[in-house]
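Here is the structure we will look at, set down as structure tokens.
The values are calculated or read from the model by the stated rules, or taken from the named source; none is laboratory data. The structure presented is a predicted model; accordingly, all values stated were derived computationally and were not measured. Counting neighbours? That spans all protein chains shown, and the Cβs are built from the backbone with ideal geometry, glycine included. Heavy atoms of the whole protein, side chains included, go into the accessibility calculation; ligands, DNA and RNA do not. Shrake-Rupley method; radii C 1.70, N 1.55, O 1.52, S 1.80 Å.
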Amino acid sequence: QAKQAGRNTLCLFDPQMQAGLNKRAALEADLRMGLEQNQFKLFYQLQLDRQRRVVGAEAVLRWEHPLRGLVAPGEFIGLAEESGLIVALGNRALLDACGTLANWALIPAMAELNLAVNISAKQLSQQNFVEQLQALLSQTGADPRRLKLEISENLLLGSVENTVAVMQAATELGVGFSMDDFGTGYSSLTHLQRLPLTQLKIDRAFVSGLSNESDHAAIVRTILALGQSLNVQVVAEGVETERQLAYLMSCGCQYFQGYLFGCPEPLADFNARFNG
Ligand code: C2E
Ligand code: MG
Ligand code: MG
Ligand code: MG
């Protein structure tokens, strides 16, 4: 037994591992602090239709860190998920997004815009997710029909029954669901068919591969066909060139998002496009 303890102790004091743990613990404490101090902001990226009319936006988080500057989600969403902080962070983002929607409703040029918000699997699996959503909607006065929740395929790694029930209840409130990064995850077509989705988003990996890799073109066409048979909208994300846009248009894609039209930007900059 002493030997066992010795081994564990040895393991704990492995300097490299300890350094890793320290770094992780420090980042987690930093995240917690950032949340308390409101350092997380939503940035907004345009979404357009085939006529290049702006139909809405996707809201993505940025961490305005006092020392590190603007930090992208790739640097903190993973740890936020593992530590469970994503629930507080995501709920806060959802509240902000609903506030934005309610504000847009008062600006004639923005009143018709939809807003998509990313929701993590952990957030959606909370016991009272739908009650909280309903509370946020009534508290802010946001129109649920303008709100879209972007979920990812890893949601289907958990209980599909539960996921379907939560999505149905939220759908009854008027909220739509978009399957983000479609084509990169695990969803089986059987599961997909059971979800009350309103939209599929083609992952940007397939869009960026359009110019050179012909198998990506085949995947894009397949997702568009699937969208049609499931009777949901399809959005292409990560559109960076006119050529990608032209190809997506020729395949019948309805909605587009990407640097070609605009990067995620602070709310004031986004609103300024509409003189809002
Ligand atoms: P996502 O939801 O797929 O968001 C799209 C990402 O693609 C954004 O990265 C956006 O900046 C980037 N993007 C948009 N257009 C282009 C383009 O033309 N080219 C390229 N190369 N990239 C483009 P971002 O903001 O770094 O977000 C990364 C991911 O972090 C998001 O992927 C989403 O999964 C997650 N995330 C962001 N905000 C939230 C949030 O509030 N809650 C949760 N749970 N996850 C979030
Ligand atoms: Mg998204
Ligand atoms: Mg995506
Ligand atoms: Mg992504």
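Where residues in region 261-271 are open to solvent by less than 60 Å² (accessible area, probe 1.4 Å) and either under 30 Å from residue 223 (Cβ atoms) or without any contact (Cβ under 8 Å) to a residue 60 or more places away in the chain (or both), which of them is nearest to ligand 1 (Cβ to nearest atom)?
So, considering only residues that are open to solvent by less than 60 Å² (accessible area, probe 1.4 Å) and either under 30 Å from residue 223 (Cβ atoms) or without any contact (Cβ under 8 Å) to a residue 60 or more places away in the chain (or both), the one nearest to ligand 1 (Cβ to nearest atom) is 264.
Could you check region 34-59 and list, in sequence order, the residues that are closer than 21 Å to residue 79 by Cβ and open to solvent by less than 90 Å² (accessible area, probe 1.4 Å)?
Passing the criteria: 34, 35, 38, 39, 40, 41, 42, 43, 59.
Could you check region 80-112 and list, in sequence order, the residues that are in contact with a helix residue (DSSP H, G or I) (Cβ under 8 Å, 6 or more places away or on another chain) and within 16 Å of ligand 3 (Cβ to nearest atom)?
81, 90
Would you pick out the residues in region 210-219 that are out of contact with any helix residue (DSSP H, G or I) (no Cβ under 8 Å at 6 or more places or on another chain), open to solvent by 60 Å² or more (accessible area, probe 1.4 Å) and not charged (D, E, K, R)?
Once the filter is applied, which keeps residues that are out of contact with any helix residue (DSSP H, G or I) (no Cβ under 8 Å at 6 or more places or on another chain), open to solvent by 60 Å² or more (accessible area, probe 1.4 Å) and not charged (D, E, K, R), region 210-219 yields 212, 214.
Which of the residues belonging to region 163-184 are at pLDDT 95 or above, more than 11 Å from residue 119 (Cβ to Cβ) and within 12 Å of ligand 2 (Cβ to nearest atom)?
179, the sole residue that qualifies.
Among (1) more than 26 Å from residue 255 (Cβ to Cβ); (2) surrounded by 20 or more Cβ atoms within 10 Å (Cβ to Cβ); (3) not acidic (Asp, Glu), where does residue 134 come up short?
Single failed check for residue 134: (2).
Could you pull out every one of the helices (runs of 4 or more DSSP H) wholly within region 146-209 that has 2 or more residues that are crowded, with 19+ Cβ neighbours inside 10 Å?
160-173, 204-208
Give the number of residues within region 226-260 that are under 27 Å from residue 43 (Cα atoms), touching a residue at least 24 places away in the same chain (Cβ under 8 Å) and open to solvent by 30 Å² or more (accessible area, probe 1.4 Å).
7
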